[in-house]
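> The structure that follows is given in the form of structure tokens.
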Amino acid sequence: MNPFKFVLVAIVASLLPSCLGGGKARSDSFDGYDITFDYARFIRVTRHTDGWYQADIKNPWDTTKLLQRVAMIPSDVNPNIEEIPYDAIVVDIPLKRALVQESVHVGLIEEFGADDAIAGVSDVDYILSSSIKERIEKGEVIDCGSWMRPDMEKIIRLRPDGILMSPYQNGGNFEQLSQLNIPIIFTADYTESTPLGRAEWIKYFGLLFGHESSADSIFNDVSTTYNDISQRADSLAAIVGHKKILLDIPYRGTWYVPGKASPNQIFIENIGAENPFASMVEGSSVALPPEKVLYEAHDADVWVIRVNTSSEISLDYLEKNYPITTQFKAFQEGKVWGCNTGKTPYFEETPFHPEYQLRDLFNILYEPDTLPLRYFRQLQ
């Protein structure tokens, strides 16, 4: 790290806790150009004329403030130190020894072909990548514990050049990690309210790992495919009607359904279907008793279930564990599809490849005999 970068990192580390509350967003005048983000709401990235990048991440819980400002300095660039905003986290790019806390980001970095830059990970049990698991066994990638209880000694020995961390409103493990004077890079992609909005953060990851062109190409393919599927669905829905779709199953006596602000509501709209709970505005996920779900969605045409279980998902499994499910029209007609998320890379892939999920939903609704689906199978 260049000397001036080290000084900035040390100074900003002491200021970082205020970022969670968010200093006021500044209306800086830039000497470069903005990188285009058509769908993402919470990120702005500018390339300055002398070759470094500035990312401004909005606070998702108060969009009048900034969550974080990041100055990304390529290894062959020496910017004027006076141009670096005082409140920016300074990061040398491309990252070469990153600690990556989310399995979904591990998968994305692998897709770039930058997996050699993954030096440490958290929550190993959630990682499905066979190559990363093999590297963990060889000691090439360090298991740094869980994101809630990071192994500080291992992280210190790891000496990462950046920690990729999803921010949470109440801070998470930020305070403990911030004491290490290692750049903490907030990956707030999960806070986006639309599938393509989250996926577009691919561009930010591409910059961080030196794969900007690959990232742009991946997202262009994602958005083009997603929009093409959505347009086909709209055309078919206009002919056959808007089918009603029910999602998931109760969890510990409560059924969490997608409300008006849910990304799942966007998926349902984009597939030309109807969400029985779209009028509920309490939040993105609305907690209801199963009896209320039955009342509102007993006549759903299709039922799509995502569940992590060691058991085989079947109609018998539903009847045995959730007797109320037999009263739904979709159950009675055998129009139930399931995905065991513990045995498929559903959660690793769909955040940055929402077109995979949309294609499965399209086939379930309009071409149910299409096989195989990527994640789902019709329950017997």
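The values are calculated or read from the model by the stated rules, or taken from the named source; none is laboratory data. Nothing here was measured: the structure is a model prediction, and the numbers come from that model. As a convention, Cβ positions derive from the backbone with ideal geometry for all residues, glycine included, and neighbour counts pool all protein chains shown. Surface accessibility is based on the protein's heavy atoms, side chains included, excluding ligands, DNA and RNA. Shrake-Rupley method; radii C 1.70, N 1.55, O 1.52, S 1.80 Å.
> Residues in region 244-275 that are closer than 17 Å to Ile364 by Cβ, open to solvent by 30 Å² or more (accessible area, probe 1.4 Å) and of a type in the set (Phe, Trp, Tyr): how many?
Of the residues in that region, 0 qualify.
> Further question on the same structure: Taking the stated definitions as given, is Leu99 closer than 21 Å to Asp161 by Cβ, modelled with pLDDT of 90 or more and assigned to a loop (DSSP other than H, G, I, E, B)?
Working: closer than 21 Å to Asp161 by Cβ: yes; modelled with pLDDT of 90 or more: yes; assigned to a loop (DSSP other than H, G, I, E, B): no.
Spelling it out, it is not the case that Leu99 is closer than 21 Å to Asp161 by Cβ, modelled with pLDDT of 90 or more and assigned to a loop (DSSP other than H, G, I, E, B).
> For the subset of region 171-191 comprising residues that are at pLDDT below 90 and part of a loop (DSSP other than H, G, I, E, B), which member is nearest to Val121 (Cα to Cα)? Steps first, answer last, please.
Of region 171-191, the ones at pLDDT below 90 are 171-181.
Remaining after also requiring part of a loop (DSSP other than H, G, I, E, B): 171-173, 179-181.
On the way: Gly171: 19, Gly172: 16, Asn173: 15, Gln179: 19, Leu180: 17, Asn181: 18 Å.
Checking each candidate, the answer is Asn173.
> Return the residue satisfying two criteria in turn: it lies in region 315-335 and is open to solvent by 30 Å² or more (accessible area, probe 1.4 Å), among the hydroxyl-bearing types (Ser, Thr, Tyr) and not in a loop (DSSP other than H, G, I, E, B), and of such residues it is nearest to Leu246 (Cα to Cα).
In this case the residue turns out to be Thr326.
> Is it true that Tyr168 is under 24 Å from Tyr53 (Cα atoms) and either free of Cβ contacts under 8 Å to residues at least 40 places away in the same chain or not in a loop (DSSP other than H, G, I, E, B) (or both)? Explain how you work it out, then say what you get.
Numbers: under 24 Å from Tyr53 (Cα atoms): no; either free of Cβ contacts under 8 Å to residues at least 40 places away in the same chain or not in a loop (DSSP other than H, G, I, E, B) (or both): yes.
Spelling it out, it is not the case that Tyr168 is under 24 Å from Tyr53 (Cα atoms) and either free of Cβ contacts under 8 Å to residues at least 40 places away in the same chain or not in a loop (DSSP other than H, G, I, E, B) (or both).
> Same structure, new question: Restricting attention to region 31-51, which residues are open to solvent by less than 10 Å² (accessible area, probe 1.4 Å) and either without any contact (Cβ under 8 Å) to a residue 24 or more places away in the chain or out of contact with any Asp or Glu (no Cβ under 8 Å at 6 or more places or on another chain) (or both)?
Thr46
> Look at Arg359 and say whether it is in a helix (DSSP H, G or I), charged (D, E, K, R), surrounded by 15 or more Cβ atoms within 10 Å (Cβ to Cβ) and touching a residue at least 40 places away in the same chain (Cβ under 8 Å). Break it down into steps so the answer makes sense when it comes.
Details: in a helix (DSSP H, G or I): yes; charged (D, E, K, R): yes; surrounded by 15 or more Cβ atoms within 10 Å (Cβ to Cβ): yes; touching a residue at least 40 places away in the same chain (Cβ under 8 Å): yes.
The answer is yes for Arg359.
> Of the residues in region 192-243, how many are open to solvent by 30 Å² or more (accessible area, probe 1.4 Å), of a type in the set (Ser, Thr, Tyr), in a helix (DSSP H, G or I) and closer than 24 Å to Glu269 by Cβ?
So the answer is 3.
> From the list Phe219, Phe205, Phe186, exactly one residue is aromatic (Phe, Trp, Tyr) and farther than 12 Å from Phe352 by Cα. Which is it?
Of the residues listed, the single one that is aromatic (Phe, Trp, Tyr) and farther than 12 Å from Phe352 by Cα is Phe186.
> I'd like the full set of residues that are closer than 15 Å to Lys335 by Cα and either at pLDDT below 95 or touching a helix residue (DSSP H, G or I) at 6+ places or on another chain (Cβ under 9 Å) (or both), limited to region 358-370.
Of region 358-370, the ones closer than 15 Å to Lys335 by Cα are 360-370.
Correct list: Leu361, Phe362, Leu365, Tyr366, Glu367, Pro368, Asp369, Thr370.
> Another question, then. Scan region 276-295 and tell me whether some residue there is open to solvent by 30 Å² or more (accessible area, probe 1.4 Å), in contact (Cβ under 8 Å) with a residue 40 or more places away in the chain, farther than 18 Å from Thr350 by Cβ and acidic (Asp, Glu).
no
> Being touching a helix residue (DSSP H, G or I) at 6+ places or on another chain (Cβ under 8 Å) and either at pLDDT 95 or above or more than 26 Å from Asp76 (Cβ to Cβ) (or both) is the filter here, so list the residues in region 112-124 that pass it.
Narrowing region 112-124 to residues touching a helix residue (DSSP H, G or I) at 6+ places or on another chain (Cβ under 8 Å): 112-113, 115, 117-121, 123-124.
Answer for region 112-124, where residues must be touching a helix residue (DSSP H, G or I) at 6+ places or on another chain (Cβ under 8 Å) and either at pLDDT 95 or above or more than 26 Å from Asp76 (Cβ to Cβ) (or both): Ala117, Ile118, Ala119, Gly120, Val121, Asp123, Val124.
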